Structure formats: C-alpha cells, structure tokens
There are 2 protein chains.
Amino acid sequence: MPTYTAPTKDMQFVLHDVLKVTSQNIPGYDELEADFTSAILEEAGKLTSEVLAPLNAVGDKEGCRLENGVVYTPTGFKEAFAQVKEGGWTGLDMPEQYGGQGMPYIMGTAVGEMFSAANQAFTMYQGLTHGAASAILAHGTDAQKDTYLPKMTSCEWTGTMNLTEPHCGTDLGLMRTKAVPQDDGSYKITGQKIFISSGEHDMADNIVHLVLAKIEGGPEGIKGVSLFIVPKFMVNEDGSLGERNGVAVGSIEEKMGIHGNSTCVMNYDDAKGFLLGEEHKGMRAMFTMMNEARLGVGMQGLAQADVAYQNALAYAHDRLQGRAVTGAEYPDKPADPLIVHPDIRRSLMEQKSFVEAARAFIFWGATLLDNAHRADNKDADGLVSLLTPVIKGFLTDVGYDMTVKAQQIYGGHGYIEEWGMSQFTRDARIAMIYEGANGVQALDLVGRKLAQDGGKHVMAFFDIVKDFIKENAGQDAEFDTQFLDPLKAASKDLQSAGMYFMQNGMKDPNNALAGSNDFMHMFGHVCLGLMWAKMGLAARQALAQGNGDASFYESKLATGRFYMARQLPATALHLTRIQTGAQTVMALEAANF
Amino acid sequence: MPTYTAPTKDMQFVLHDVLKVTSQNIPGYDELEADFTSAILEEAGKLTSEVLAPLNAVGDKEGCRLENGVVYTPTGFKEAFAQVKEGGWTGLDMPEQYGGQGMPYIMGTAVGEMFSAANQAFTMYQGLTHGAASAILAHGTDAQKDTYLPKMTSCEWTGTMNLTEPHCGTDLGLMRTKAVPQDDGSYKITGQKIFISSGEHDMADNIVHLVLAKIEGGPEGIKGVSLFIVPKFMVNEDGSLGERNGVAVGSIEEKMGIHGNSTCVMNYDDAKGFLLGEEHKGMRAMFTMMNEARLGVGMQGLAQADVAYQNALAYAHDRLQGRAVTGAEYPDKPADPLIVHPDIRRSLMEQKSFVEAARAFIFWGATLLDNAHRADNKDADGLVSLLTPVIKGFLTDVGYDMTVKAQQIYGGHGYIEEWGMSQFTRDARIAMIYEGANGVQALDLVGRKLAQDGGKHVMAFFDIVKDFIKENAGQDAEFDTQFLDPLKAASKDLQSAGMYFMQNGMKDPNNALAGSNDFMHMFGHVCLGLMWAKMGLAARQALAQGNGDASFYESKLATGRFYMARQLPATALHLTRIQTGAQTVMALEAANF
C-alpha cells in the first residue's frame, strides 16, 4: 500500500529561500515567518499522511453508494472529515469574520497540495465547498454571506458547482436549465446538471449548490446565464434548517478514478433558488474565482505526481532486479536495486525535477494571487491571469505523464490495484479534463491571454526572465552555463513562437490555434526553467553561506541541472511544430478523416 | 457505447500498395492476392465488430470471478469463443499438419489487430495459447506436438506462459520454482507464479501451462532455468483427459484494465511437468518466440489507439460545442461540431498519422518474420530482431498516449466508464509493461541489438532508408521537400545518436543506457517516417495511375505530410537529450533522491 510523506522541507525551501515570502510586500505575508509556516506544514503533514492517505485506497475500492436518494461515502471518510473540520483546516484562508483563519492563499495552497496528494477524492468535498464559498464571498449580499459562509467555512455545510449539462460543458451558452422568477424574489430552477462533484453525500448537514441557469425571457446564449444559490435544505431566519428543496441526486457516475468522491447527476425540479450576483451575469460571477480554481487543479497534477513519485522511489530502492551495468553495487545481495539502472534513474529524475519545479511555479502563482487580491495589484492580477492556463494545462498534462512513469517503475505490480499505483494514474487523469479541458486552457492562453491588455502581461513575463538573467549572470561561469544559458534559449524560443502567432495569426487565426497546445507546453517549460534557475540560485547562496543541510542544496542543484539539460530543450521541438502553422493540421477535410 | 470498424481498406493498402506482398519472394506469399486477403479481412472485420466489440465493455464491467477454484469469464465470452473456434480463426497461421490454415504470419497479424482492437481481454485467451503452441512447435518432441498442438490450434485447450514470480519478473535468474526429476522422466514442479494471463477459466477443456522452473542441482541463476509443459488435466495415451494435475489458481488479480482476462496467481504443488526442449535451456526456449510475441504486443498498442481514435473521431463529428474561429461552419445548428477546432484537429491528426504508420510498421515487421521463418533469411531475422524492441516499446508507449488523447476529446464523458473511452486507456496501459517492460526493451535495443553481429543490422536499416531516398528523390520537388528531406534529417539524427553511443558508451556504458529510452523513441519516429514516405509514394503512384479512390490516396498524403512536418522532428529533441549522456542522469547519489 502506498504511503505519503508531506514534503515540508521542500515547501519551506520554496517559501523562504526562493520566494522569500516575508520580504514580499503583501498584506499578511509578514506573519509567514519560517517557524510559523513550519508549524502549520508539519501539522498538516501529520494529518494528511496519518489520516487521509490511509483512506485513499479505501475510497478507491469502495467508491460511493447511492441508496434511496442517499449517497454513502466510503468507510472512514466521515470520521476523517470530522477531524479535518475540528482542526480548522477547511477555513485556513477564509476571512476571520466567517470563522476562517484569514491566512494568505499561499498557505491554503501549500496545505492543499498535501491534502490532494494524500487523498484527492476526499479533498474534493472541501475543495468544492471552498470554491462555492469564494463565489458567495465575492458576489453575495451581506445576508447571503451571513447565512452561508460561517457554515461553509467550517464545512458543516458543503458546496457544489453546477455548470455542465448532458449536451454542453465547454459551451455553456447551450444550457437548458431554466430559472423562473417568483413573487418573493426567489426563482424556481428546473433542469438537469451532470458531473457534479460532491453533489450529494452523508458528511454534511446541508449542501449549498451554486447553479447556472437561464432566466426565462433573458438574452440568448451565454449572455443569458445567471448564477443561483440552491440549498439542499432551506435555511430558516434563525439559521436552522427547514424543508427539503426540490433538488435530488439522480444517479452517481462510474468513473475512471476519484471513486471516493460522489460525482452526481443532479435533478432540479422547481427548486427554490436565490440569485447570486446580477441577473445574466452568471458566467462572470462563476469565473471570478476561475484563476484560483484552475491554479488549484494544476496543483492536483503536481500532487498526484509527487505521491506517485515518492512511492516509485521507495520501490526503486527496495526491489532487487538485475545488476548495474558498471558492476554489481550490492554484491552481497542476490541482485541490485532498480535504482542502479540508468533508465530507472532517468525516469525518477524526470519525476523529481518536475515535481519540485512545479511546486515552486504554483507557489509563485499563489503569491501573485495574494498580491492581486490582498494588495489590489493589477500587474500581479494580469500576470497570474496569463499564467493560469499554463499552470492548469501544462501541470496536469505532465503531472499525469509522471504518474504513468511512476507506475511503470513497478512493472507488472504497477498494473495491479493492490499496489495503489494505478489509482494515482486514474485519479490524476481527471485534472486534465475538469475546470476547463486542457485544450480549452491552450485556447484561452493563445486566443485571449497573450493579447490581453495589449500584450502587457506576456511582456512583463519576458522581462522577469530577462531581468533575472541580467541580475545573476557573470558571477559564476558554471551557473551561467548550466542554468542561465538554457533558460535564455528556451525563453527565446517562446518569444519566437509568440512572434510567429502575431505575424501569421492575423491572416488566419488557425495558424495560432493549431499551435496552442505546443505553446502552452513550451510556456510551461520556460516557467519550470525559470523556477529551477531561481531554486539553483537560492541553493548556491545557501551553500555559500554554509548554513543548513549542504546535501539538500547540492541535490537541488543536481536536479536542476538535469531539468535544464534534458527537459527544457523541448521548447525547440514545440517551436518547430508551431512554425508549421495550420497547414498540415487543417489540410484534411473533416469528411475525409 | 464505443463501436469498432475494421480498417480493411487501410490494411489492403498496406499489404498491396505499399508492401506488395505477392511480389515478395516469401513462400506462401504468392497466395496473398488482393481478393483473397480482402475476403479474409472482411470476414474477420465482421466477426470482430459484430461479436467481439460488443463484449468489450461487458468484460470490463463484469471481470472474471473465482469461486471454489473455478474462474468464470464474463457473460457472452464462452459463446463468442465458440464462434471464433468454429470459424478457424485460432489456427490461422498454425501448420495445416496440426489443423491450422498454414497462412503466413502477416495474415495472423492483420487479423490479430482487429481482434485486439475489438476486445483485448478476450483476445488474450487465444493469444497466449498461440504463444505456448509456438513454443511447443519449436521445441517439442514429435510426441509432444502430436499430443498438444491439434487441441491448442483449435483452442479446445488453451495455453499459458508462466515466468513471473512475486519477487522477480525481469530478472528471472532469481526464480525459486523448483523441478524435481522423477524416475519416469517427468518432473515434479513446485512454486508460485504470478500475473498468469488466462491462467484459469471456463472456456477450454484443458489448459496447457508452460512453466519456467529450476531443476534441483542445476546451475545457479538464469543458466539453471528449464521450461516445462504442465497440463491442468493429464492427457492419456489415447488423447482423452485423465486426472487433475497439482496446479491450481490461488487468486485472480484486480487490475487497472483487461478485466475480461483472468490474470491468475498459479500455485504448483508437486505438479507433474514434462521438459520442453533441453535441460537448463528454458530461457532460450521461451525466447525463441520472443520477437513474435513482442511484435504482437506492439500491435496491441496500435490496436487500442485505433479503436479509441475511431470513437473520438465520431464524437468530434457529433458533439456540438463552440464555433469555428474563422466563422460558424454550421450556422443552422446551435453550435459547430468539435472537429472544426484546430486543437481537436491536431489531436485527431496525431492519432490518425500514428495509427496508419504504426500499422505499416508492424506489417513490415511481420513480413520480415515470415521471411526469416519461411525463407530462412538471416538478414531479415537480424533486422526484425533489431526492430522488435522498437515495435514493442515505441508503439505501446505512443499507442497509450494516443488512447489518452482520444479520451480527452470526450471531455468529462471520457472519464465516465459508461462511454467506454476510459477502458481503452486502461486496457492499453498493460502493453507498456508485459512481455518485457518498455525500459527493458530500450535496454535490449541499445545494450544488445545495436551491436549485434558487429552492427550489421542497424547498418542494413540505414541502408534501407538511404536507398529509398536515393531511388525516389529528384522526381517530384514536393515529395522531396515534404517526405524525403524530413526522413533524411531524422535518419541523420538517429545515426548521430548511434555514433554518440559508440564514442561515449565505451568509457562509460551509462552514457548509452541513460539515452536508451530516447533512442528507442527516435528510432520509432524514423521507422514511422520511413513508412509515411513509402505510403506517400504508393499514394502518389496510385493517383498518377488514376485508379481507385482518389480522395483515399489524397488523405494518405495529407496525413503523411502532417507526420513528417510535426511529429518526425521529435528526433532532434531526443538527440539533444542523448548527447547529454549520463552526467545529469546519474549525478544524484541514490541516497540523496
């Protein structure tokens, strides 16, 4: 059975050595001293490895069960959820006014990574609640906030997001769910929603559904979509629960993974709903929290890759098979452990170098979000907007690949459910799909974000890379060759791709969109390259100062060198592909496939 | 629910336009006239799409059930198996002497692809039987052949291959299963084998296990391994079945996929076994059929990719979502179908261009095997030996990626089991692992095959590419630019990688092995590039002659151009990685991961 060890030391390194959070001029960040963050991470690490991780396989095996309209979660989930609530983990970064701890989003992200890695299906119950609560926080009336937020912060009530219908997911303008205005100011909601994570379950007293629907007589298409709060049980004036609302689970889906989460078909039948935000501005309300939600999904890609890697590494140390080609390393054992073999080592280095840089990338994204929200920094907001599709799309695509690589190290045992490696792969698969399929992320990046505000944010990104190189070049020839030169080359590839889009996307937008997936991936590589350069620098500085664990910092440098030498050059291939434009992609008529 | 349409036209194109089978000087190939092969492929196509494909989801959902030592296969498998046996499909390429149809291996391969695509788990029952029968055919005494082969050819009895034990798979020298010689010339076999596909089930009267074990007192390690025939029921002199042998299923494994096949733990307890081939030469006997078996697994990678692609394509035509960026293509519909979007088109082209070239590659490999076996051609044998790890490793790695891409086109529906796309991914995953995990294939390629017979076979491969380019260059500028130039560049990359290994592998073999996975992949790309160049040429010739379906040949050219322009350039990235050698891969001490 797999285990999980929270990477607290790596997280502390990113927070303090790389991002230097306390020196960032963001409200609330002055409190994030190393001792303080360490205490939180250690506690969360204990909870996730000791309580949540052991339930991961249980959730996968048992799944959720629907009986007479009641959904039963897997054995142990309820008790674990109670423990999570008790520890105050569900409201870490929610406002103190509503019972939260008011911490910056970056702390929610760090703790969230541990939760996801330990038990993705379990964590979704609180994750969706957090998303729904954030939408109410941003768009609700004071009365709505007072009614729902305290209970949602504590997860006594959980939340859901209802967007998809059987015939539409990405293109929500096609939606059919109707909202009919009532005399009391409420609406009657009727329709069917599918793929509703945590839609119904037995771990909360109430479930607060956020539902997209069209108000009768409103504008056509996406412009006529509004957002509604539809509680499972009506809430009385005094906060107590009233009668059951007209919403019910129709069925639960059988999925490839995340079996421990109840993915429901939800039927709304004249259910009482309350407008959240303005009429016909539902998409805007739903998407205010988009960057945050998508960053959270990108983090899941990293989290599954990390826990899969941890177990693959342990297996590679344990499993004896064959001999090192350069001569037996453990002649007293019947064979050498897998880790002596170069191709196993290559795979482990790919996983390790991805996981550590992806974490730095996501933490950086979280500081940008904090900067945008807490300091109202428009530049940070623009930059994180640009990076969000990269974080979501690239990290979940590659994160999935990494779980497959980790599984591969187990050989046949990787294919047997008993060993747990298959679950990481199956659970990681969803992150490429939900919260906007990765093709949509690439489209968002190339079709919208690149040109946003006159291309200001992508210019700002290139400046960050350029400035970093300029500030740190020429101090150490080795660091220049191993880190800065490859970063420069990769960044140049990315700029060339952007240039190609500008020059060729005008006359035919397909020339840009045919390369959108490649662009998202090359952008991701440049970001991870930047992260490795920053981590490499931090490690060098720490080594120069002679404090801390030298072998920890040496390992960072060795891992970074691997990424820069072997992974980052992928940008050249992506550029080659992009520069072929739409020609070969669109040449074949649809009818001739 | 997914469907499957056998690609008979594409197969005919490869057999007759590209490989020109009847003109090849291989015994039995003169019979493979287009009408004849068409009749077989059409029949197999009907059986696979109408009988086997509808059972694919059933097998996945029900799985196999073990009760009181009996394994029950999923509903409908028995009846379908009876139909397959009746049609003579199980003995297509087995000798007529034992009731087979004596056709060349290439026909078994073409039909096998359809079987695998339609129902991988089902097809394994006969696939393993074919493998075991081939081993008996190659190494058995006449009496053994007469006893087992007729019944195995008809699949009245099925077969298994027993290699893996709990603590060893790749490194079989560690095996513990013991064989004790008996006075009557038989052996008593005792030990446990795991991951035994089709190990026990209810579809055959007898099961013939081929078991690797160590004869007591024999040499240590891999040199002391022998191969034994261990029937489930003893066979009497008159061919009737006698008493039950000391072999029993211990449990069936829960796996990520291929649920319809019973993957068993098999316990041998003083089971009566008969030596197959020579004492202590078990590995050699087992591996005689290796090239064939591995080519068959490579074919599974292609087969799952093809059926997944077919369904993704249908979905992309059906599902309405969004509008073409260049303007609505179906203004009368509420939205355009997915296929109008460039990124969807890119994904479909990646799948299509892989599947069609992979098929040509495997068919080519099958003709080499036929040439080696039927014409005793040593050069063909050497070449197919070289290409086998590429076919197995590259096609299953990429085939799996393609099922993931096909699944992605379905968005959320791809994650729901009901739609069947998850099964293709889960079923395809095993092909990267069994019959030698892909890391072992890469090791075999770089560590053994490259230098085999003084590097003669890899030189022969480069000559084939060079000769093809020389013979066909200069006739059409477009063909040169679109097909021959990219092939030349990719082949040059591959040669440079080989050169790097020669120059740097001597001083440190890790310099070669750290690049083994990249080399296997770049070799695969060059092979698919060669196939596209050959298919492109054949399509051009057919168009010039003005016979046949012009749009079919135009589509081949368009698909080939995509591959050459966008996929083949991956060789440059692989070369870059290879040329970094072992340095960054092996720098981190095992203890510091």
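Quick look at the numbers
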item: Relative contact order, percent, the range A:157-280 [alpha-carbon distance under 8 Å, six or more residues apart]; result: 31 percent
item: Alpha-carbon centroids, the range B:503-570 and the range A:317-370: separation in whole Å; result: 32 Å
item: Mean Cα-pair separation over length for chain B, i.e. relative contact order, pairs under 8 Å, 6 or more apart, %; result: 13 percent
item: Calculated Rg and Dmax of the range A:220-311 using C-alpha coordinates, Å; result: 17.8, 51
item: Quotient of Cα Rg and 2.2 N^0.38 Å for chain B, N being how many residues it contains; result: 0.98
item: Shape box of the range A:329-370 [Cα atoms, principal axes, largest first, Å]; result: 55, 16, 9
item: Lysine pairs in the range A:440-593 with Cα atoms under 21 Å, if 8 or more residues apart or on separate chains; result: 17
item: In sequence order, calculated HN-Hα J values of the range A:539-554 (Karplus, 6.51, -1.76, 1.60; Hz; x Gly/Pro); result: 5, 4, 5, 4, 5, 5, 6, x, 9, x, 8, 4, 5, 4, 6, 4
item: Distant-in-sequence amide H partners of A:Gly159 (H built 1.01 Å from N, under 5 Å); result: A:Thr129, A:Val208
item: From phi via Karplus (6.51, -1.76, 1.60), per-residue ³J(HN,Hα) for the range A:438-453 in Hz, x at Gly/Pro; result: 5, x, 6, 4, 5, 5, 4, 5, 7, x, 10, 5, 4, 8, 4, 6
item: Angstrom value of the Kirkwood radius, inverse mean 1/r, which spans all Cα pairs in the range A:161-215; result: 12.4 Å
item: Within 10 Å of each Cβ in A:572-584, the average number of Cβ atoms from other chains; result: 5
item: Teacher prompt: B:Gly546 distances to equivalent labels in other copies, 7 Å Cα→Cβ, nm; result: 8.8
item: As computed over the range B:8-139, the Cα convex hull volume per residue (Å³); result: 117 Å³
item: Compactness of the range A:467-511 - radius of gyration and Dmax, Cα, Å; result: 15.2, 45
item: Spatial extent of the range A:534-593: Rg and Dmax, with the Cα atoms as the point set, Å; result: 21.2, 66
item: Label distances, nm, B:Lys466 versus same residue in remaining copies, Cβ-directed 7 Å point; result: 4.7
item: Distant alpha-carbon pairs in the range A:35-90 (separation over 14 angstrom), percent; result: 61 percent
item: Under the Debye formula (equal points on every Cα, no solvent term), log10 I(q)/I(0) of the range A:253-376 at q = 0.18, 0.19, 0.22 Å⁻¹; result: -1.08, -1.12, -1.21
item: Largest-first ellipsoid semi-axes for the protein assembly as shown, taking √(5λ) over the Cα gyration tensor eigenvalues, angstrom; result: 49, 34, 32
item: Cα long-axis angle, helix B:34-47 against chain B (0 to 90 degrees, to the nearest 10); result: 70 degrees
item: Under the Debye formula (equal points on every Cα, no solvent term), log10 I(q)/I(0) of the range B:368-444 at q = 0.21, 0.26 Å⁻¹; result: -0.86, -1.04
item: All aspartates and glutamates inside 13 Å of A:Lys272 as judged from Cα atoms, apart from same-chain residues fewer than 8 positions distant; result: A:Asp183, A:Asp184, A:Glu243
item: Copy-to-copy label separations for B:Lys333, where each label sits 7 Å from Cα toward Cβ, in nm and ascending; result: 5.8
item: Principal axis box of the range A:157-280, alpha-carbon based, largest edge first, Å; result: 39, 39, 21
item: Formal net charge of residues neighbouring A:Asn245 (Cβ-Cβ distance under 15 Å; K, R +1; D, E -1); result: -1
item: Residue and distance (whole Å) for the chain A Cβ nearest the axis that superposes A on B; result: A:Leu573, 2
item: Averaged over A:169-178, number of beta-carbon atoms from partner chains that fall within 10 Å; result: 3
item: Potential extension, B:Glu418-B:Met459 segment - 0.36 nm per residue separation minus Cα distance; result: 9.8 nm
item: Relative packing of peptides A:326-332, A:352-358, A:585-591 - highest average C-beta neighbours within 10 Å first; result: A:352-358, A:585-591, A:326-332
item: 10 Å-binned pair-distance histogram of the range B:440-593 (Cα, whole percent); result: 11, 35, 28, 16, 7, 2, 0
item: Whole-Hz ³J(HN,Hα) from phi, Karplus 6.51 cos²θ - 1.76 cosθ + 1.60, for the range B:167-177, glycine and proline x; result: 9, 8, x, 5, 9, 6, x, 7, 4, 10, 4
item: Cα-based helix-to-principal-axis angle, B:378-409 vs chain B, degrees rounded to 10; result: 70 degrees
item: With Cα atoms, 0 to 90° folded angle of helix A:485-505 axis to chain A main axis; result: 50 degrees
item: The range A:516-558 residues near the modelled A:Ala34 label - backbone nitrogen below 15 Å, point 7 Å along Cα→Cβ; result: A:538-553
item: Relative compactness, the range A:510-562, computed as alpha-carbon Rg over 2.2 N^0.38 Å; result: 1.63
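All of the numbers you see were taken from the coordinates with simple rules; none came from a lab. Remember, it's a predicted structure, so these values are computed and weren't measured experimentally. Quick reminder, even Gly has a Cβ in these numbers, built from the backbone with ideal geometry, and neighbours come from all protein chains shown.
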